[in-house]
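The structure under discussion appears below in the form of structure tokens.
Values in this text are rule-based calculations from the coordinates and carry no lab data. Please read these numbers as outputs of a predicted model, since none were measured by experiment. FYI the Cβ positions are ideal-geometry reconstructions off the backbone, even for glycines, and counts take in every protein chain you see.
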Amino acid sequence: MIELVSASRCVTCDLCIDVCPMNVFDRAESGLPLIARQEDCQTCFLCEAHCPTDALYVAAERQPLPAGRLPDEPALIASGLMGSYRARLGWGKGRKLPRDFSDALQLAQAPAAAPGIVPPGQPIPPQFPATAG
């Protein structure tokens with residue numbers, strides 16, 4: 001879920017606003033994108049992938065992070081999380097395309113990130129029994 005727009009990195013190109021399929025962003029009077037409808041975010045990472053300055057942080061969780069769990073912007077930058085999905089795709093100046101995209105597809109998501117969704121190759125937990133199909 002979208003958690004942060006960096007005012008210091010954003011160049012107000014509006015790509016995040018344009019690519020968001022859920023219309024999560026509004027434009028603030030300053031021209032910066034404003035997270036207006038966070039609850040509508042589908043955690044698709046399109047905004048982060050298209051941001052040319054790595055000014056966005058999308059957490060893998062599909063619920064807003066509790067206030068105590070969201071690192072501040074300097075910590076996100078220092079950890080390399082700002083724009084990390086874009087880097088995994090090999091998008092951006094000086095970045096190379098990965099040999100395979102499994103790294104980009106295997107984001108470290110919390111088990112609660114997608115309740116009821118079991119990643120391929122993982123055992124089905126007893127609370128989500130397999131259905132005959």
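Of the GluC sites (Glu not before Pro) found in region 3-58, those in coil by DSSP whose Cβ has at most 12 other Cβ atoms within 10 Å are 29.
Taken about its Cα centre, region 2-104 carries a charge dipole of about 460 debye when Lys and Arg each add +1 at the Cβ and Asp and Glu each add -1 at the Cβ. Of the chymotrypsin sites (Phe, Trp or Tyr not before Pro) found in region 1-100, no site is in coil according to DSSP while having at most 13 other Cβ atoms within 10 Å of its Cβ. For region 2-104, the C-alpha radius of gyration divided by 2.2 N^0.38 Å, with N the number of residues, is 1.03.
Going by neighbour counts of Cβ atoms within 10 Å, the residues 47, 10 line up, fewest first, as 10, 47.
Each residue of region 65-80 was assigned a 3J(HN,Hα) from its phi angle through the Karplus curve 6.51 cos²θ - 1.76 cosθ + 1.60 (θ = phi - 60°); the sequence is 5, x, 3, x, 9, 7, x, 6, 4, x, 5, 5, 5, 4, 7, x Hz, with glycine and proline shown as x. Each residue of region 19-32 was assigned a 3J(HN,Hα) from its phi angle through the Karplus curve 6.51 cos²θ - 1.76 cosθ + 1.60 (θ = phi - 60°); the sequence is 8, 5, x, 10, 6, 6, 9, 10, 9, 6, 4, 6, x, 6 Hz, with glycine and proline shown as x.
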